[in-house]
Amino acid sequence: MAAKFILWSGLTSILLSATYTEAAELDVPVSVFGTPGLIDMPTGEVFTDGQVILTTDISSIAQKYTLSFQITPRMFGSFRYSIIDDYDGVGNNRYDRSFDFGYLLLKESEWRPSVAIGLRDFGGTGLYSSEYIAATKHLANNSLSITGGIGWGRLGSYGSFSNPLSIFSDIFDTRGDGPTSISEVGQLEIDQWFRGDAALFGGVAWQINDRIAFKVEYSSDAYTQETSKIGFEHKSPINAALSYGFQNGVDVSVYSLYGSEFGIMGSIALSPQNPKFPSGIEEAPSPLLPRQSQAALSWDAGSVRQKDSALFVALDDQGIALEGIKIEGSTATVRIENGRFPAQAQALGRTARILANNLPSNITTFKLESVANGITTSRTTLQRRDLEALEYDLENSWKSFARADFEDAARSEAETIEGIYPKFDWRLTPYLDPSLFDPDNPVRADVGLQFETSYEPASGLILSGTVRQPVIGNLSTSTRESNSVLPHVRTDAAEYAKQSDFQIKTLTAEYFFRPGQNLYGRATAGYLETMYGGVSGEVLWKPVNGNLAFGAELNYAVKRDFDQLFGFQDYDIVTGHASAYYDFGGGYLGQLDVGRYLAGDYGATVSFDREFDNGFRVGAFFTLTDVSFDDFGEGSFDKGIRFSVPVDWLTGSATQGGYGTTIRPVLRDGGARLDVRNRLYDVVRDSHTTELEDRWGRFWR
Amino acid sequence: MSFTTALRPFGLALTLIAGLTACSSDPDNSNLLADFIGGKDAIEPDETFLAYEAAGAPELIMSLQSIPNAFTAFVRQTTNAKGEETWISLDRLSLGMKDGMIIATRGLGADQLAADPYQTLAALKAGRNGITERFITHINGESQAEILAFRCSVTFQKQAPVDLGGYTANTDLYYEDCRNTQTKFRNFFWVERDSRQLVQSRQWISENLGYVALRTLPR
């Protein structure tokens, strides 16, 4: 049992810590699969938009750990890790990864039920492979919901009849076989979907009071494989469950299955839209003070360019570095690097008020140039009179946004303040390095100390390094040797943990520059990541006010020694990509990368993310290359999901950065990309108009 | 007047929840956890606050209804051309105020970005019951401004003496009952009878934070 809970904590430690800060209401019942449903059966509902639902289910048949995400108001996706003891013979447990997808076809109305269509396990081993269409109607003031549906695959295995879809075509008569070997796993089994025999299922959920709910269902799953492989007894198609919703948002159910087994499950939902401290808990900004004359401020245009000017100190107190300033007539232009606020809009708002309080009354226009990694990324123009008029205006947020101007700042107009370079920074932190869903052990991780340091001799030039000393962990216990027929560009990952102690994670020189209007450049050389060193160059085109960006990257990478010190192995490769980025609006981001991957394979990566305005991000990606599914091995092609949670979302404090991870069902050598830090798109976009607008509510905070 | 030492500033309590363990050259990223473990209850009061307090600026005490014993002191720092005042606390929070009515908060975790309570304020000043409209702008969880509109009923309850510490004010107690389709709340206002000043009040801030109580201090 201990192992089960370790898995749970490993899978979701980050998200769980979030749930302690703020759990959301679960609005629909959750099945043991962690998707909208009764017990084993799905319902015709979906979750509340944006919700992340974590479910753990333990019965004598299987353990299931599921992360579901309501991607859009109608669409959800789930990733599941299941363990079935002795499924592959005594002592041989089956560790299974599966993905689900569901879509709400019809919303419920007064007379009509909601209707959803779903695919279970559409890209895994096919263990739970099934499809359904279900309808759910709420009655009696929403306390009662009745579900009926039709299922295929496993959900069409009990009380089945020939497929009604056969009236459209004969192809629906027979269901495909699914993967026959591990190397076929991971492909979309389209020849199975909605094919073969079908069966009906249904059930009722009754919310007895605020806390207690009762569910009963008629299941259309015969549990054929479990019956033959682990001696499961299917005595009855009726399942029942009793659920209790705790005040902290955790929902716990006990249930009976098929007249022969019992199980327990728990679910928790969180809403990325609702952090515990929506407006943050950092100190108040300085208020706008009455205008003062030059004499009253004992101010002159020369002293303001000194490193110890009142303006410099006041900004520094806010974690904002003043890098340059120029006073011309009634306009002050400043160049600032925000080292503190996750929302650049907040840094702009605070800077504007500090400028107003520290510059004489005849200076009425403020131009704020944002700097990231030493390069200017945008210029925001604000008027003193707007600040004064809107400080406590009921509609101050959109009015101040509408009255601000945003433009590119390829060349800074501010004069550099002397003595701000070189800059030196360091940081000592603990780290957690997880490796999830290795087929032998679902959770491995190392914990240790990490030291990061950076030295900037001049604007845009950054010499930096990160070293780690693992203290405790089991990353090095992996015994699984790479069976890849491709160059081992990623499958040796375990060797890097096994054959190292003190680790140089990165040691690089980076140079950031602006080749022209809307253009950004980066050159990186050194030890780029855990497994590769080399050189990397990138150019990005991204207008400040646009939603579209293009980039190109070229790298020469050499595989590093397993000890993660200075040596290299004799594998080197030229790799690179052309990328297109598009912000669809509403928080939906798409990215397409086409090029050559680390194993020399050519192909493309498609990524899709949902980023909430507060920075909470959930996404998925897949890569198809000219490596055949066979040569790729288990999983057939590279794919995964990823999420990141901003520090300020969790804590409410004004601190940049976040926690996140990428979960791949299996890490192979095909479609593997070099992991260079500080790719330009993410460096640049925070200070561009779309992102500024997303968090503009913080301008006055 | 030495009451500041007895205060339990709650801005700090909120900050400590956010404590992350890390050492760094960046003071904004410093070792908050160490401060916490070190039992650093008494924070250093904000210098600007102390300067204004010493200069005799108007002062008030505010407490959070949702957390027992969480209270702090504010002084008025500045008043702009529109008569909107900014009050700052010793633990670096701020309030936007107009004649005792909150029009903004900063640093409370679930802040009011701005508010328009002027119809209610006018009714209280005039000493009459009435139906008013009140608007409140919050920062929501996605960092967006969100304006809520309420319909409120301002009603006289009773005459009530309020002990302000060394001075008892003769006040009229008013309720302001506000509601919209999602939310309802009740504010209290003790209005001094002669001056029509709000000397004490309970005012709703936001769903997450609840109410704060304010009491002016005689100077």
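The values are calculated or read from the model by the stated rules, or taken from the named source; none is laboratory data. This is a predicted model, so every value here is computed, not measured. Positions of Cβ are backbone-derived with ideal geometry, glycine not excepted, and every protein chain shown enters the neighbour counts.
This table checks each residue for (1) in contact with a Pro (Cβ under 9 Å, 6 or more places away or on another chain); (2) at positive phi; (3) of a type in the set (D, E, K, R); (4) in a loop (DSSP other than H, G, I, E, B).
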site: A:V28; (1), (2), (3), (4): yes, no, no, yes
site: A:F33; (1), (2), (3), (4): yes, no, no, yes
site: A:T48; (1), (2), (3), (4): yes, no, no, yes
site: A:K64; (1), (2), (3), (4): no, no, yes, no
site: A:Y87; (1), (2), (3), (4): no, no, no, yes
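For residues that are without any contact (Cβ under 8 Å) to a residue 40 or more places away in the chain and β-branched (V, I, T), scanning just segment A:345-395, find the one that is farthest from B:A145 (Cα to Cα).
A:I363
Just the residues that are surrounded by fewer than 22 Cβ atoms within 10 Å (Cβ to Cβ) and farther than 16 Å from B:N208 by Cβ, please, taken from segment A:264-284.
A:I264, A:G266, A:E283
Go through B:F188, B:F150, B:F135 for me and flag whichever is modelled with pLDDT of 95 or more, touching a Phe, Trp or Tyr at 6+ places or on another chain (Cβ under 8 Å) and over 30 Å from A:R695 (Cβ atoms).
Result of the check over B:F188, B:F150, B:F135: B:F188.
Criterion first (among the small types (G, A, S), within 14 Å of chain B (Cβ to nearest Cβ), touching a strand residue (DSSP E or B) at 6+ places or on another chain (Cβ under 7 Å) and within 30 Å of A:L270 (Cα to Cα)) does A:A620 satisfy it?
no
Restricting to segment B:71-91, count the residues that are surrounded by fewer than 22 Cβ atoms within 10 Å (Cβ to Cβ), of a type outside the set (A, V, I, L, M) and farther than 26 Å from B:V154 by Cα.
Here the count works out to 6.
So, in segment A:321-348, of the ones that are closer than 28 Å to A:S279 by Cβ and surrounded by fewer than 24 Cβ atoms within 10 Å (Cβ to Cβ), which residue ends up nearest to the other protein chains (Cβ to nearest Cβ)?
A:R340
Only one of A:T479, A:T575 is surrounded by fewer than 17 Cβ atoms within 10 Å (Cβ to Cβ) and either under 29 Å from A:F629 (Cβ atoms) or among the basic types (K, R) (or both); which?
The unique qualifying residue is A:T479.
So which residues in segment A:449-484 are touching a Phe, Trp or Tyr at 6+ places or on another chain (Cβ under 9 Å) and in a loop (DSSP other than H, G, I, E, B)?
Matches in segment A:449-484: A:S459, A:G460, A:S484.
Which residues, counting only those in segment B:109-129, are part of a loop (DSSP other than H, G, I, E, B) and in contact with a helix residue (DSSP H, G or I) (Cβ under 8 Å, 6 or more places away or on another chain)?
Once the filter is applied, which keeps residues that are part of a loop (DSSP other than H, G, I, E, B) and in contact with a helix residue (DSSP H, G or I) (Cβ under 8 Å, 6 or more places away or on another chain), segment B:109-129 yields only B:N129.
Assess whether A:S145 counts as being crowded, with 19+ Cβ neighbours inside 10 Å, at pLDDT 85 or above and closer than 21 Å to A:K639 by Cβ.
When the stated conditions are applied, A:S145 does not pass them.
Please give the number of the condition A:L461 fails out of (1) of a type in the set (A, V, I, L, M, F, W, C); (2) more than 14 Å from chain B (Cβ to nearest Cβ); (3) free of Cβ contacts under 8 Å to residues at least 24 places away in the same chain.
(3)
Restricting to segment A:389-431, count the residues that are under 26 Å from A:L540 (Cα atoms) and touching a Gly at 6+ places or on another chain (Cβ under 8 Å).
5
For the subset of segment A:247-256 comprising residues that are within 12 Å of A:E25 (Cβ to Cβ) and surrounded by fewer than 15 Cβ atoms within 10 Å (Cβ to Cβ), which member is farthest from the chain's Cα centre (by Cα)?
Filtering segment A:247-256 for residues that are within 12 Å of A:E25 (Cβ to Cβ) and surrounded by fewer than 15 Cβ atoms within 10 Å (Cβ to Cβ), the one farthest from the chain's Cα centre (by Cα) comes out as A:Q247.
Restricting segment A:404-441 to residues that are β-branched (V, I, T) and part of a strand (DSSP E or B), which is modelled with the highest pLDDT?
Going through the qualifying residues, I end up with A:T416.
Quick one: in segment A:128-142, of everything that is touching a residue at least 24 places away in the same chain (Cβ under 8 Å) and small (G, A, S), which residue is surrounded by the fewest Cβ atoms within 10 Å (Cβ to Cβ)?
Among them, the one singled out is A:A135.
In segment B:82-113, what count of residues is obtained for those that are more than 7 Å from chain A (Cβ to nearest Cβ) and not aliphatic (A, V, I, L, M)?
Number of matching residues: 11.
Given the residues A:L288, A:L355, which is the only one that is aliphatic (A, V, I, L, M) and within 14 Å of another protein chain (Cβ to nearest Cβ)?
Going through A:L288, A:L355 in turn, the sole match is A:L288.
Do you know which residues across segment B:200-211 are in contact (Cβ under 8 Å) with a residue 60 or more places away in the chain and crowded, with 22+ Cβ neighbours inside 10 Å?
Residues satisfying the conditions are B:S201, B:Q203, B:I205, B:S206, B:L209.
How do the pairs read when you match residues in segment A:689-701 that are within 11 Å of chain B (Cβ to nearest Cβ) with residues anywhere that are charged (D, E, K, R) and part of a helix (DSSP H, G or I), using Cβ under 8 Å and keeping only pairs 6 or more apart or on different chains?
From residues that are within 11 Å of chain B (Cβ to nearest Cβ), the pairs are A:E691/A:R685.
Considering only segment A:391-430, state which residues are more than 9 Å from chain B (Cβ to nearest Cβ), over 30 Å from A:Q306 (Cβ atoms) and of a type in the set (A, V, I, L, M, F, W, C).
If the condition is that a residue be more than 9 Å from chain B (Cβ to nearest Cβ), over 30 Å from A:Q306 (Cβ atoms) and of a type in the set (A, V, I, L, M, F, W, C), then A:F401, A:A402 are the ones that fit.
Of these, A:D648, A:D682, which one is within 12 Å of chain B (Cβ to nearest Cβ) and either more than 22 Å from A:A493 (Cα to Cα) or acidic (D, E) (or both)?
Every option except A:D648 fails the conditions.
Yes or no: A:K307 more than 12 Å from chain B (Cβ to nearest Cβ), at pLDDT 90 or above and in a loop (DSSP other than H, G, I, E, B)?
Taking the combined requirement at face value, the residue does not satisfy it.
Give the residue that is nearest to the other protein chains (Cβ to nearest Cβ), with candidates limited to residues of segment B:22-64 that are surrounded by 15 or more Cβ atoms within 10 Å (Cβ to Cβ), assigned to a loop (DSSP other than H, G, I, E, B) and at pLDDT 80 or above.
Looking at residues that are surrounded by 15 or more Cβ atoms within 10 Å (Cβ to Cβ), assigned to a loop (DSSP other than H, G, I, E, B) and at pLDDT 80 or above, I get B:D46.
Does A:S370 satisfy being modelled with pLDDT of 95 or more, among the small types (G, A, S) and touching a strand residue (DSSP E or B) at 6+ places or on another chain (Cβ under 9 Å)?
Here the answer is yes, as A:S370 does meet what is asked.
Scan segment B:114-142 for residues that are within 11 Å of chain A (Cβ to nearest Cβ), of a type outside the set (D, E, K, R) and either more than 19 Å from A:D648 (Cα to Cα) or surrounded by 23 or more Cβ atoms within 10 Å (Cβ to Cβ) (or both) and jot them down.
B:A114, B:A115, B:P117, B:Y118, B:F135, B:I136, B:T137, B:H138, B:I139, B:G141 - these are the residues of segment B:114-142 that are within 11 Å of chain A (Cβ to nearest Cβ), of a type outside the set (D, E, K, R) and either more than 19 Å from A:D648 (Cα to Cα) or surrounded by 23 or more Cβ atoms within 10 Å (Cβ to Cβ) (or both).
Tally time: how many residues in segment A:612-632 are touching a Gly at 6+ places or on another chain (Cβ under 8 Å) and surrounded by 19 or more Cβ atoms within 10 Å (Cβ to Cβ)?
11
If a residue must be of a type outside the set (K, R) and assigned to a helix (DSSP H, G or I), how many such residues does segment A:318-355 contain?
10
Specify the residue that is nearest to the chain's Cα centre (by Cα); the eligible residues are those in segment B:181-219 that are under 19 Å from B:A110 (Cα atoms) and in a loop (DSSP other than H, G, I, E, B).
Across segment B:181-219, the extreme among qualifying residues is B:L209.
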